[in-house]
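Chemist: I have a structure I would like to understand better, so I am pasting it below and will then ask my questions one at a time.
Every number here is computed from the coordinates shown, using simple stated rules; none is lab data. Keep in mind the model is a prediction, meaning the values are calculated, not measured. Using ideal geometry, Cβ is built from the backbone for each residue, glycine included, and neighbour counts are taken over all protein chains shown.
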Amino acid sequence: MTTTDINTALSLSRDSNQALGIGTFACDFMRNGMGTPSEAVLHRTTMFFTDSVLCGLSALACGTNAPTVLRNEALRYADDAGACCFGSTRRVKPEKAVAANASAVREWDSNGTNFGFNPELGHTAGEFGHNDFYAVPIAAAQVAGLDGAAALRGMVCLDEIRGRLAEVFSLKSYRIDHVVHGAIASAAVYGAMLGATPEQIESAIGMTVAHYIPWRAIRAGHQLSDSKGASAAISTEVALLSMLRSMHGFIGPADIFRNPEAIWRQFEPTDGDSPFDLVLSHSGDDFAVMGMHFKLGLYEHQSAGALQGLVDLLMKHPEILAEPDALSGITITAYEPAFGIIGDPAKRDPHTRQSADHSMVYIVSTMLRKAYEIGTIDGGNDDWWKALMLAPIDYGIDAINDPRTRRLMDMIEFEHGGKDYDDRYPDGIPTSMTITLEGGRSYDSGLIMYPSGHARNTTCDLEGILTHKADLLGRIAMDDPDGIIERCNRIGSLSADELGEMMDFTIASRDPVD
């Protein structure tokens, strides 16, 4: 294996054993003092963690199907040396707790997102990914008796590995689900936190890739199933099982990134090397998590540019809300893959929450319907985002079938902006919106590149909006969520005992939204 230490990062060249390199990196990061992310990196990771937990708790409170099924399953696997599910102090098999918690976090599709874009290194594969995997270092810390600082460092390490893989290899291009990157990172970090050797981690990564590759069939169809939201959970469960088997002596395929029969070289043939170089940060500010994006409510992130365009137009042109009957049309212009994924004609008539939150016309129409109901909002961009924030109730059956929303959906035209738009992604989320009122009055948002919540947005009060989101989702899960929000926000300072009891709270039971 050839690796090069470049100041604050480790370079794993394509002619090296990158699986072993990832294992060595994870062990050095977690146990050998190499992992020293800056306070800014730790703070941003904490923000993503808190956001993910509140997403998960509210999904469980609403009785959503997959998280409830997987949590009930986990509670049947008692293990005194295991980890805890959300809202329980009962120790269970760690892979089961992780599957349950990751499923809950992902259910709303409202937590963080990355787009695999690092032009400074020329790593612009543009693979999607999400901050679904923080249950892994939490479980590892609970099993190993580690403190919150170790768990938080594990989150940084996990996001770094999966985020950098997303920059160099586009799984979606080959109809493979993006959670493979997260599963690899989960195996590495879990093993490193539990004392595995780099060779054992290499073996576990090999098993994960060789035995458990999820196709994007889980995301296809006119109405999406539980498999879409639980993809990260299921892949992470088997990644942990692979890691545990490796630690117990099972030997999986070695050097999986250069294996000629594994997905990497099957889809991007080489003469023997891996198809990519990989650079992993271990110190300072330049970590993958710093380029990841927040969702300011419940919506597919590809729609964020359109939602920002809508907010901008409503702020600048109050006559749009003042004359609801004068609306004659809305045109949204966007890039691929947004046009193909959330502009799919099948998504124009969603009947389930999983389909509605991947429907551009539904998402935009629902926010506009809420704006008509609320009327003019005093304040600027941040106040509009807070007031119009899409919540679970906006994806319930009544909301999906609301005739006012359906009427607005019929008025939307969704267009592909062509090469000019496509070339600007994934640097930004290039989208524009035109709203037309009777009499030929037309209002154009102009090109939106960095909407609120985007990592490159510098204008919104991100922490203020996220505080509102945490409270909005938290009050679905409990009457007073301040305690659990505060607990999450100080994850890095929790003792090992406090981390072990982190899930000690009660989740309310609310009316389901499905």
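Chemist: Take residue 248 and residue 266, extend 7 Å from each Cα along the Cα→Cβ direction, and tell me the distance between the two endpoints in nm.
Modeler: Taking the two extended label points, one gets 2.7 nm.
Chemist: Test of understanding: given the chain, find the longest segment containing no GluC sites (Glu not before Pro) that are in a DSSP loop and have at most 16 other Cβ atoms within 10 Å. Provide the component values of the computation, followed by the final result.
Modeler: Working: sites that count: 120, 261, 438, 501.
By the stated rule (loop sites, at most 16 other Cβ atoms within 10 Å), 262-437.
Chemist: Which of the three applies to the range 301-444, rounded, prolate or oblate, going by the alpha-carbon gyration tensor with a ≥ b ≥ c and a/c under 1.5 meaning rounded? Write down the numbers at each step before the final one.
Modeler: Details: a/c = 1.40, a/b = 1.12, b/c = 1.25.
Rounded is the answer for the range 301-444, as its axis ratio a/c remains below 1.5.
Chemist: Quick check: pseudo-label points 7 Å beyond the Cα along Cα→Cβ at residue 8 and residue 373, how many nm apart are they?
Modeler: Each label point lies 7 Å from its Cα, and together they span 4.5 nm.
Chemist: So if each residue of separation counts as 0.36 nm, and I subtract the Cα-Cα distance between residue 422 and residue 410, what length gain in nm does that give?
Modeler: That works out to 1.8 nm of additional length.
Chemist: Right, another one. Rg to Rh ratio, the chain, alpha-carbon atoms and Kirkwood radius?
Modeler: Ratio value, two decimals: 0.97.
Chemist: Follow-up. Run down the aspartates and glutamates and flag those whose C-alpha is under 12 Å from the C-alpha of residue 419, throwing out any fewer than 8 positions away in its chain.
Modeler: Within the straight-line cut-off, residue 419 pairs with 336.
Chemist: Under the rule a/c < 1.5 gives rounded, and otherwise a/b versus b/c splits prolate from oblate, where does the range 18-291 land using the Cα gyration tensor?
Modeler: rounded
Chemist: So if each residue of separation counts as 0.36 nm, and I subtract the Cα-Cα distance between residue 175 and residue 75, what length gain in nm does that give?
Modeler: Stretched out fully, the residue 175 to residue 75 stretch lengthens by 32.6 nm.
Chemist: Tell me the Kirkwood radius of the range 25-118: reciprocal of the mean inverse pair distance over distinct alpha-carbon atoms, in Å.
Modeler: 14.9 Å
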